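J.: Take this structure first; my questions come after.
The values are calculated or read from the model by the stated rules, or taken from the named source; none is laboratory data. These numbers come from a predicted model, not from an experiment. All Cβ positions, even for glycine, are placed from backbone atoms using ideal geometry, and neighbour counts span all protein chains on display. Surface areas here come from the heavy atoms of the whole protein model, side chains and all, with no ligands, DNA or RNA. Shrake-Rupley method; radii C 1.70, N 1.55, O 1.52, S 1.80 Å.
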Amino acid sequence: GAGVSQSPSNKVTEKGKDVELRCDPISGHTALYWYRQSLGQGLEFLIYFQGNSAPDKSGLPSDRFSAERTGGSVSTLTIQRTQQEDSAVYLCASSRLGNIQYFGAGTRLSVL
Amino acid sequence: AQKVTQAQTEISVVEKEDVTLDCVYETRDTTYYLFWYKQPPSGELVFLIRRNSFDEQNEISGRYSWNFQKSTSSFNFTITASQVVDSAVYFCALSDFYGGATNKLIFGTGTLLAVQP
């Protein structure tokens with residue numbers, strides 16, 4: 001079946017602009033995760049959704065970052081007023097509750 | 001606090017050599033999961049294995065084997081007779097286990113494996 005789908009695969013933006021990153025999880029997976037991979041910080045957790053609620057937002061680095069999930073499916077990660085330090089690969093993963101996480105190919109964000 | 005350490009930043013081997021990737025973890029939990037993921041140049045993280053803390057049996061899957069030792073908090077990964085296609089970054093990760101947990105993954109910094117022909 002289809003895997004986790006992320007779009008866009010690459011995004012170049014100017015400092016100060018807002019960006020939206022999309023994740024379409026594997027069908028039937030109730031849990032959805034966002035991670036960020038950067039040279040300086042490695043792979044780090046951002047936020048976890050169970051259904052449409054986010055019981056763990058502990059990894060969001062600032063209030064410029066937000067995420068939502070609708071219909072227990074697609075999730076959008078929004079970064080407002082982007083900064084150069086936001087440049088990274090943003091990875092989405094989904095799983096059945098408590099099960100193995102499967103990752104998408106990521107969105108490479110470059111902030112100029 | 002939970003932490004995963006992969007001390008080997010880069011390893012280079014010649015095809016057909018065996019190679020072991022080290023992983024050491026820290027956690028206060030008595031039950032937890034350990035994982036290995038592979039990240040080839042295409043960038044997508046590929047799941048390789050999950051072990052729970054109850055089960056210290058070694059596991060073998062083809063050319064891959066994993067050695068879990070609770071006494072040393074290690075979960076090492078060995079590739080036998082390495083091939084060029086094994087070239088990738090390998091990540092070890094840890095997550096909690098109990099009901100209601102987030103199960104978020106705590107990753108090590110990764111080991112870049114280069115297999116030369």
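J.: Filter segment A:78-95 down to residues that are of a type outside the set (S, T, N, Q) and more than 20 Å from B:Ile106 (Cβ to Cβ), then give me how many there are.
T.: Of all residues in segment A:78-95, those of a type outside the set (S, T, N, Q) come to A:79, A:81, A:85-86, A:88-93.
When the remaining residues are screened for being more than 20 Å from B:Ile106 (Cβ to Cβ), the result is A:79, A:81, A:85-86.
Result for segment A:78-95: 4.
J.: Check A:Thr78 against each of (1) at the interface with chain B (Cβ under 8 Å from one of its Cβ atoms); (2) open to solvent by less than 40 Å² (accessible area, probe 1.4 Å) and name the one condition it does not meet.
T.: (1)
J.: Right, another one. Examine segment A:86-100 for a residue that is more than 8 Å from chain B (Cβ to nearest Cβ), under 13 Å from A:Gly16 (Cα atoms) and either assigned to a loop (DSSP other than H, G, I, E, B) or not polar (S, T, N, Q) (or both), and state whether such a residue exists.
T.: Checking segment A:86-100: at least one residue is more than 8 Å from chain B (Cβ to nearest Cβ), under 13 Å from A:Gly16 (Cα atoms) and either assigned to a loop (DSSP other than H, G, I, E, B) or not polar (S, T, N, Q) (or both).
J.: Could I ask something else about it? For B:Asn52, only one of the following conditions fails: (1) within 14 Å of the chain's Cα centre (by Cα); (2) modelled with pLDDT of 95 or more; (3) open to solvent by 30 Å² or more (accessible area, probe 1.4 Å). What is its number?
T.: (2)
J.: Return the residue satisfying two criteria in turn: it lies in segment A:101-112 and is in a strand (DSSP E or B) and more than 14 Å from chain B (Cβ to nearest Cβ), and of such residues it is farthest from B:Phe97 (Cα to Cα). Even if it seems obvious, please write down each step before you answer.
T.: We begin by selecting, within segment A:101-112, every residue in a strand (DSSP E or B); these are A:102-103, A:107-111.
Cutting the leftovers down to more than 14 Å from chain B (Cβ to nearest Cβ) gives us A:110-111.
Numbers: A:Ser110: 35, A:Val111: 37 Å.
Restricting to residues being in a strand (DSSP E or B) and more than 14 Å from chain B (Cβ to nearest Cβ), the top hit is A:Val111.
J.: Something else about it: Looking at (1) open to solvent by less than 50 Å² (accessible area, probe 1.4 Å); (2) more than 30 Å from A:Arg36 (Cβ to Cβ); (3) touching a residue at least 24 places away in the same chain (Cβ under 8 Å); (4) not hydrophobic (A, V, I, L, M, F, W, C), which one does B:Tyr25 not meet, given that it meets all the others?
T.: Every listed condition holds for B:Tyr25 apart from (2).
J.: Still on this structure: Could you tell me which residue of segment A:31-50 is least open to solvent (accessible area, probe 1.4 Å), considering only residues that are more than 20 Å from A:Ser7 (Cα to Cα) and in a strand (DSSP E or B)? Full working, then the answer.
T.: We begin by selecting, within segment A:31-50, every residue more than 20 Å from A:Ser7 (Cα to Cα); these are A:39-42, A:50.
Next, only the ones that are in a strand (DSSP E or B) stay: A:42, A:50.
Values: A:Gly42: 21, A:Gln50: 55 Å².
Per the stated criteria, the residue is A:Gly42.
J.: In this structure, does B:Ser82 turn out to be open to solvent by less than 30 Å² (accessible area, probe 1.4 Å), polar (S, T, N, Q) and either in contact (Cβ under 8 Å) with a residue 60 or more places away in the chain or under 27 Å from A:Ala105 (Cα atoms) (or both)? Steps first, please.
T.: Numbers: open to solvent by less than 30 Å² (accessible area, probe 1.4 Å): yes; polar (S, T, N, Q): yes; either in contact (Cβ under 8 Å) with a residue 60 or more places away in the chain or under 27 Å from A:Ala105 (Cα atoms) (or both): yes.
When the stated conditions are applied, B:Ser82 passes them.
J.: Could you tell me whether segment B:55-69 includes any residue that is farther than 23 Å from B:Glu17 by Cα, open to solvent by less than 50 Å² (accessible area, probe 1.4 Å) and more than 12 Å from chain A (Cβ to nearest Cβ)? Please lay out each step first, then the result.
T.: Narrowing segment B:55-69 to residues farther than 23 Å from B:Glu17 by Cα: B:55-57, B:69.
Cutting the leftovers down to open to solvent by less than 50 Å² (accessible area, probe 1.4 Å) gives us none.
No, there is no match, as no residue in segment B:55-69 is farther than 23 Å from B:Glu17 by Cα, open to solvent by less than 50 Å² (accessible area, probe 1.4 Å) and more than 12 Å from chain A (Cβ to nearest Cβ).
J.: Where residues in segment B:11-21 are in contact (Cβ under 8 Å) with a residue 60 or more places away in the chain and under 18 Å from B:Phe75 (Cβ atoms), which of them is surrounded by the fewest Cβ atoms within 10 Å (Cβ to Cβ)?
T.: Within segment B:11-21, the subset in contact (Cβ under 8 Å) with a residue 60 or more places away in the chain is B:11-19, B:21.
Next, from what is left, pick out any that are under 18 Å from B:Phe75 (Cβ atoms): B:11, B:18-19, B:21.
Details: B:Ile11: 16, B:Asp18: 12, B:Val19: 19, B:Leu21: 22.
This residue is B:Asp18.
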